[in-house]
1. What is the one condition in (1) touching a residue at least 12 places away in the same chain (Cβ under 8 Å); (2) closer than 19 Å to LYS130 by Cα; (3) not hydrophobic (A, V, I, L, M, F, W, C) that HIS85 does not satisfy?
2. Note down all Cβ pairs under 6 Å where the first residue falls in segment 29-41 and is free of Cβ contacts under 8 Å to residues at least 60 places away in the same chain, the second is crowded, with 20+ Cβ neighbours inside 10 Å, and they're at least six residues apart or on different chains.
3. Being under 11 Å from the mean Cα position of the chain (by Cα) and hydrophobic (A, V, I, L, M, F, W, C) is the filter here, so list the residues in segment 82-113 that pass it.
4. Based on what the data block shows, is ARG54 over 18 Å from ASN14 (Cα atoms) and either more than 13 Å from the chain's Cα centre (by Cα) or touching a residue at least 24 places away in the same chain (Cβ under 8 Å) (or both)?
5. Evaluate the following for ARG103: is it loosely packed, with under 13 Cβ neighbours inside 10 Å, in contact with a strand residue (DSSP E or B) (Cβ under 7 Å, 6 or more places away or on another chain) and of a type in the set (D, E, K, R)?
6. Check segment 81-94 and report whether any residue there is farther than 25 Å from VAL33 by Cβ, out of contact with any Lys or Arg (no Cβ under 8 Å at 6 or more places or on another chain) and open to solvent by 70 Å² or more (accessible area, probe 1.4 Å).
7. Filter segment 87-105 down to residues that are part of a strand (DSSP E or B) and farther than 24 Å from HIS75 by Cα, then give me how many there are.
Amino acid sequence: MWRIRTTEALVLFNLEAGRLQGFSGTFHAGMFVAPDRDVVGVNDFPIGAGFVARRRLGRDSLWGSVGLTGGILVHRAATDLGLVHRVDPDFQVPLKFAWNAGRVGLSVALLQGFSVRTRTYERRGVEVWKRIPYRIGLAIGLHFDVGVGRARPRRSPTRGVP
């Protein structure tokens, strides 16, 4: 995830349930791995749910989707003064592209997030750690498609009309 001052790694789990094309539900959970943990030991955990709209792109096995999720960002920091725990609202807008080869595929996502509050930590009046609420990231990963139930063909509007 990129922010104005620093780049952080995000380990992310995402689950989507619904139709192959159209609207589906989505759930995500993750953990930010900050590169500057030696200054302030911070862990951020975004957890959320929402909706995603998926569409096939062309005749190939290429898919695109855009979504909107809302949830919480659990913030935990170990400072000189002790542990700090905070929970803020968190929103994400994922834009994904996926390529399938059977039930396994490759996903590339552009993730934008907003968590309402800037976090700052100081030592002796000097700012030593800061994160702004807006973040943007690039995620690359594997996905697995699991079908549940039988696929029912759609009825033709002219079927059964004399």
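The values are calculated or read from the model by the stated rules, or taken from the named source; none is laboratory data. What you see is a predicted model, and the numbers here were worked out from it, not measured in a lab. Backbone-built Cβ (ideal geometry, glycine too); neighbour counts: all protein chains shown. Ligands, DNA and RNA are excluded from the accessible area calculation, which covers all protein heavy atoms including side chains. Shrake-Rupley method; radii C 1.70, N 1.55, O 1.52, S 1.80 Å.
1. (1)
2. Matching pairs, first to second residue: GLY30/PRO46; PHE32/ASP44; ALA34/VAL42.
3. PHE91, VAL93, LEU95, ALA109, LEU110, LEU111, listed by residue number.
4. Judged against the criteria, ARG54 is not a match.
5. Here the answer is yes, as ARG103 does meet what is asked.
6. no
7. 9
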